[in-house]
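Everything on this sheet refers to the single structure shown next.
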Amino acid sequence: MQSESGISPKIIEEFLKFNRNIIDAPNHVPAPDEINLGITPHDVVYTEDNIRLLHYKPLTQKQAQIPLVITYAIINRYHILDIQPEKSWVRNLLQQGIDVYMLDWGTPSNLYKYLGFDDYVNGYLDNSLDFVRDEAGVEQVSLQGYCTGGTIATIYSSLHPEKIKNLVMTAPVIDGWRDTTVVSNLTKHIDVDKMVDTIGNVPPEFMYYCFSLLKPFEQGVDKYINFFRNIDNQKFVDSFLRIEKWVSDTPPIPGELFRQWVKDIYQENLLIQNKMYVGGRQVSLENITMPIFTQVAVGDHLVSPECSMPLHYSVASEDKTLRVYPSGHVGMIASSFSQKKILPELGKWLIERS
């Protein structure tokens, strides 16, 4: 049955409800400063410049001997790994008895525009891992890298393999020529020298522009329509706002690091070819002989699975595991599927080798 206008009553009812939800939104949506990210208790145990090393408080009486250090991406912030209790990557690992540290890269100032891979790999990361090794009383630690943090962890493990017990790669950026994402295609065609020489550090606005190109309708319109449709679902609203706050908190990227990244990883694809040099030393994937666990998401729109998987076949490790999950870039680390499937597998793998 249709109304005089020819529109079905159901559509009219949904339209009116949508309008009511928009009007009622302020009663359901907290202010941004009322939303806390990174909620699992931790101590800041080491600092250097703007870099912080977080050590999470244990949730079990018994812990694995070898601690895990997570190096997050240089884009966005680490909070997505601890976005809310029921989806927290960190909390799940702690509950499995793993001793967890996290690197917070901080917010680079204009002075950081001269810092490159050498400073981050052989400087900040190496110093942080030395601190963990001393504090934990171990010769080696487990290292996890997520997204671009996986690239940094890969380079480090090639240059300092004696310090790494186990290596976990979660959607790492490895083979730039096989990455078919919008971000990869964009970086392959920009004049990065002119860009960095002109603006220095890459501002958050540039990254927002790149993200908007990935799924323009979904990110620009559809997600907000879905939000207002579910405004009376408190669990949905809380999850939505946490993700939005995390996405909007994107720090600048050091100019020189961005320049080297675009050229060496995406444009010239040196890493997978063992032709990349950092700090005057060749980065060879054949130096990676420790146990390695590579996690890839089929629906990843930020890092193509084909970009990450070549690492599994290029390292010299005899103990290596590759898992391909029916998930996305964020869903692989912050979802109920991650809690039920991905993290139990990873935790078991780590504990058996720790």
Problem set entry | Output for region 97-139, where each listed residue is touching a Leu at 6+ places or on another chain (Cβ under 8 Å), part of a loop (DSSP other than H, G, I, E, B) and among the aliphatic types (A, V, I, L, M) | 98, 115
Exercise. Considering only residues of region 337-354 that are of a type in the set (A, V, I, L, M) and within 19 Å of the chain's Cα centre (by Cα), which is surrounded by the fewest Cβ atoms within 10 Å (Cβ to Cβ)?
Worked result: 343
Exercise. Residues in region 7-14: is at least one outside any loop (DSSP other than H, G, I, E, B), at pLDDT 65 or above and hydrophobic (A, V, I, L, M, F, W, C)?
Worked result: no
Exercise. Is it the case that some residue within region 64-78 is aromatic (Phe, Trp, Tyr), within 21 Å of residue 251 (Cβ to Cβ), touching a helix residue (DSSP H, G or I) at 6+ places or on another chain (Cβ under 6 Å) and assigned to a strand (DSSP E or B)?
Worked result: no
Exercise. Residue check: is residue 47 over 18 Å from the mean Cα position of the chain (by Cα) and either part of a loop (DSSP other than H, G, I, E, B) or in contact (Cβ under 8 Å) with a residue 12 or more places away in the chain (or both)?
Worked result: no
Exercise. Assigned to a helix (DSSP H, G or I), more than 21 Å from the chain's Cα centre (by Cα) and modelled with pLDDT of 95 or more: does that describe residue 162?
Worked result: yes
For this session: Could you grab me the full set of residues in region 149-167 that are under 20 Å from residue 342 (Cβ atoms) and surrounded by fewer than 24 Cβ atoms within 10 Å (Cβ to Cβ)?
Result: 166
Problem set entry | region 161-181 residues that are farther than 15 Å from residue 288 by Cα and free of Cβ contacts under 8 Å to residues at least 24 places away in the same chain, paired with ones that are surrounded by fewer than 21 Cβ atoms within 10 Å (Cβ to Cβ) and of a type outside the set (A, V, I, L, M, F, W, C) (beta carbon under 8 Å, 6 or more apart) | none
Problem set entry | Matching residues in region 303-320 - criterion: being more than 22 Å from residue 73 (Cβ to Cβ) and of a type outside the set (A, V, I, L, M) | 313, 317, 318, 319, 320
Exercise. Does region 275-321 hold any residues that are assigned to a loop (DSSP other than H, G, I, E, B), in contact (Cβ under 8 Å) with a residue 60 or more places away in the chain and touching a Phe, Trp or Tyr at 6+ places or on another chain (Cβ under 9 Å), and which are they?
Worked result: 279, 291, 302
Problem set entry | residue 302 touching a helix residue (DSSP H, G or I) at 6+ places or on another chain (Cβ under 7 Å), surrounded by 18 or more Cβ atoms within 10 Å (Cβ to Cβ) and modelled with pLDDT of 95 or more | no
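Can you confirm whether residue 52 is assigned to a strand (DSSP E or B), basic (Lys, Arg), under 21 Å from the mean Cα position of the chain (by Cα) and modelled with pLDDT of 95 or more?
yes
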Exercise. Could we say that residue 146 is closer than 19 Å to residue 346 by Cβ, buried (at least 19 other Cβ atoms within 10 Å of the Cβ) and among the aromatic types (Phe, Trp, Tyr) here?
Worked result: yes
For this session: Could you please let me know if residue 274 is among the polar types (S, T, N, Q) and buried (at least 18 other Cβ atoms within 10 Å of the Cβ)?
Result: no
For this session: Tell me, please, whether a residue that is at pLDDT below 95, within 20 Å of the chain's Cα centre (by Cα) and within 30 Å of residue 119 (Cβ to Cβ) can be found in region 305-313.
Result: no
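This table checks each residue for (1) at pLDDT 90 or above; (2) buried (at least 23 other Cβ atoms within 10 Å of the Cβ).
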position	(1), (2)
59	yes, no
66	yes, no
76	no, no
88	yes, yes
91	yes, no
96	yes, no
Exercise. Residue 334: within 16 Å of the chain's Cα centre (by Cα) and among the aliphatic types (A, V, I, L, M), yes or no?
Worked result: yes
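The values are calculated or read from the model by the stated rules, or taken from the named source; none is laboratory data. Note that the coordinates shown come from a computational prediction; the quantities given were computed from them, not determined experimentally. Note that each Cβ is placed from the backbone with ideal geometry, even for glycine, and that neighbours are counted across all protein chains shown.
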